[in-house]
Amino acid sequence: MERVTHTRRFTRLDSVWPAGLGRRLGAMIYDGFLVLAIWIAATVAHLAFFRFVLGQTADEIGTTALDIWSLRLILVFFVTLFFVYAWRRGGMTLGMQAWRLRVQTLDGHAISLQQSLIRCAVAWVSLAALGLGYWWVLFDRQRRSWPDIVSRTETVVLPKK
């Protein structure tokens, strides 16, 4: 039995075009500030938990593998949640809105949860490779980044209103 999903189809598909590197980097800088805020809030909550719930002293916090790896996992989880929520909700983060960008399926629908998770995972790899996954836009004829290619999505520029 084939599962049918009903995803929202975006409008004005004939007036969008593939996003170039400049716009993508602009949106990434905007979103970087949001990611930083998320990381600060998550770190404060993590520290408070270890200090006040588990009773560690200030000198003990961050000295064990549990402290370190739990914080790292929490940071990755909340950033992934941020991007997945934004991409699934309207195809864009706040930074993408400012630069008039949207991520969508190749036929103009909102991306799936699976595509969102794949995009996030490949984005980490792209950044770890000194940004090569995003510089790839300069060499790809369709202006696709590694996250676009692997998740079978596209990042497009929206026309001015």
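The values are calculated or read from the model by the stated rules, or taken from the named source; none is laboratory data. This structure is a prediction, so every number in the text was calculated from the model and none was measured. FYI the Cβ positions are ideal-geometry reconstructions off the backbone, even for glycines, and counts take in every protein chain you see. All accessible areas refer to the heavy atoms of the entire protein, side chains included, with ligands and DNA or RNA removed. Shrake-Rupley method; radii C 1.70, N 1.55, O 1.52, S 1.80 Å.
The table for this structure:
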read-out	value
The chain: relative contact order in percent, alpha carbon pairs under 8 Å with at least 6 residues between	32
Extension gain, residue 38 back to residue 81 (0.36 nm per residue minus Cα-Cα distance, nm)	14.4 nm
For the chain, built as a Gaussian network whose Cα springs stay under 10 Å, the top-fluctuating residue of 68, 149, 38	68
24, 89, 51, reordered so the largest accessible area comes first (probe 1.4 Å)	89, 51, 24
Helix axis angle, 65-90 relative to the chain longest principal axis, alpha carbon, degrees	30
Degrees, to the nearest 10: 113-128 long Cα axis against longest axis of the chain	70
Highest-fluctuation residue, 117, 106, 75 considered, GNM on the chain with Cα pairs under 10 Å	106
For Kirkwood radius over Cα pairs in Å, calculated from these coordinates, the label among [x] 15.3; [y] 17.3; [z] 16.9	[y]
Theoretical gain in end-to-end length, residue 8 to residue 94 [0.36 nm per residue, Cα-Cα removed]	29.0 nm
Using a Förster distance of 41 Å, the FRET efficiency for residue 66-residue 106 (Cβ separation, nearest 0.05)	0.45
Listed peptides 79-87, 29-37 by packing density, highest first (mean Cβ within 10 Å)	79-87, 29-37
Degrees between helix 21-48 axis and first principal axis of the chain (Cα, 0 to 90, nearest 10)	20
Gap separating the Cα centres of region 103-161 and region 39-88, nearest whole Å	28
Calculated log₁₀ intensity ratio I(q)/I(0) where the Debye formula runs over C-alpha points of region 100-161, q = 0.14, 0.23, 0.24 Å⁻¹	-0.38, -0.95, -1.01
Protection proxy ranking of 137-146, 52-61 - average other beta-carbon atoms within 10 Å, highest first	137-146, 52-61
Nearest-10 value in Å² for the accessible area of residue 43, using the 1.4 Å probe	40
For the chain, built as a Gaussian network whose Cα springs stay under 10 Å, the top-fluctuating residue of 130, 25, 101	130
